[in-house]
1. Here is a list: A225, A231. Which entry is assigned to a loop (DSSP other than H, G, I, E, B), among the hydrophobic types (A, V, I, L, M, F, W, C) and not assigned by the TED database to the domain that holds I121?
2. For segment 128-144, does any single residue satisfy the condition of being over 18 Å from the mean Cα position of the chain (by Cα), surrounded by 20 or more Cβ atoms within 10 Å (Cβ to Cβ) and not assigned by the TED database to the domain that holds L81?
3. Does segment 74-83 hold any residues that are under 16 Å from S8 (Cβ atoms) and in a helix (DSSP H, G or I), and which are they?
4. So, in segment 151-203, exactly how many residues are among the aliphatic types (A, V, I, L, M), part of a helix (DSSP H, G or I) and closer than 21 Å to S74 by Cα?
5. Where in segment 1-71 are there strands (runs of 3 or more DSSP E), lying wholly inside it, with at least 1 residues that are aromatic (F, W, Y)?
6. If you take the residues of segment 197-216 that are among the basic types (K, R) and over 20 Å from L259 (Cα atoms), which of them is farthest from the chain's Cα centre (by Cα)?
Amino acid sequence: MSATRRLSIPDPFDLGAAFSALLGPGGNTARVDAGTSYLASFTPSGPVQLSVKRDGAEVVATAWGPGADSELDSLPTRLGLDDDPDEFVPPPGPVREMARRMRGLRLGSTERVWEAVAPTILAQRITTGEAKSGYRRLVRTYGEPAPGPPGLLLPPAPEAIAGLSYEDFHRHGIERSRADILREAARRAKRLEEIVAMDRESGYARLHAVRGIGPWTSGHVMGIAWGDNDAVPVGDFHLPNTVAWALAGEDRADDARMLELLEPYRPHRRRVIAMLKRSGAGAPKYGPKSSVVDIRKI
């Protein structure tokens, strides 16, 4: 089945930023073609492929598959159409100027915990490029074809990941420690999906009950899937430097300094981080790049 809806959007509205928040690592689960974005996903009603494009003051969304109606029902929340950036009134300074320039940036919530937690676990302690490559290899091997137009694959189902051996993970460049965390999360996927209906504190507690999920992973997942606009992924390698450079002109910082600088913007710290990333802000880089080790060759 397929269904199409038109959604009114505010002015301004950054559709590119809103949709990119849904994409995760991308790869074979998403594509952009001639101004139309496509995404394969699972809904509570089943698999779906979604297409979204802008048409003046509206977004035209089409969905295919058993999850079509469920996907379209949740789309306003997923795109952040119920987010009000005017609630954020920062004090004078660089953040206020960014907020003025980025009024079209809306923060949504995907309401898909497994699809957020799996790639985030894979990104632990490695570079972004390595994480994306590892996830895309899993998608190519274990993802099923998405309903609708051909070409996209669904994210790997938790049942598929839970049954993998260490050798299976190794072939995809995933070492034992991350494999253990990912399998444990996959086995608890149904419990993790319940987070979207929980309060904030309970959601974090449910995530932290999975061995190997700490504040970095939970900060990302609660921001993406639950919509915590105050989420901060503590433990990130680059983020403290980015925040300190943009807000204080300091080229290096630790988590404590980052949290100190972000404190005036509570409960909108995720919004500040999103604006910094969208602006391309980054501290000066010194020293050698992180080395990339392909464990498939070990």
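The values are calculated or read from the model by the stated rules, or taken from the named source; none is laboratory data. Everything quoted here is computed from the prediction, not taken from an experiment. Quick reminder, even Gly has a Cβ in these numbers, built from the backbone with ideal geometry, and neighbours come from all protein chains shown.
1. Criteria check complete, one pass: A231.
2. yes
3. In the first step, residues of segment 74-83 are kept if they are under 16 Å from S8 (Cβ atoms); the result is 75-83.
Once the filter is applied, which keeps residues that are under 16 Å from S8 (Cβ atoms) and in a helix (DSSP H, G or I), segment 74-83 yields L75, P76, T77, R78, L79.
4. Looking only at that region, the number is 5.
5. 36-43, 58-64
6. R211
Residue by residue, here is whether (1) in the same structural domain as G148 (by the TED database); (2) charged (D, E, K, R); (3) over 28 Å from P147 (Cα atoms) holds:
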| site | (1), (2), (3) |
| --- | --- |
| E58 | no, yes, no |
| P66 | no, no, no |
| S70 | no, no, no |
| T77 | no, no, no |
| P91 | no, no, yes |
| P94 | no, no, yes |
| E97 | no, yes, yes |
| R101 | no, yes, yes |
| G108 | no, no, no |
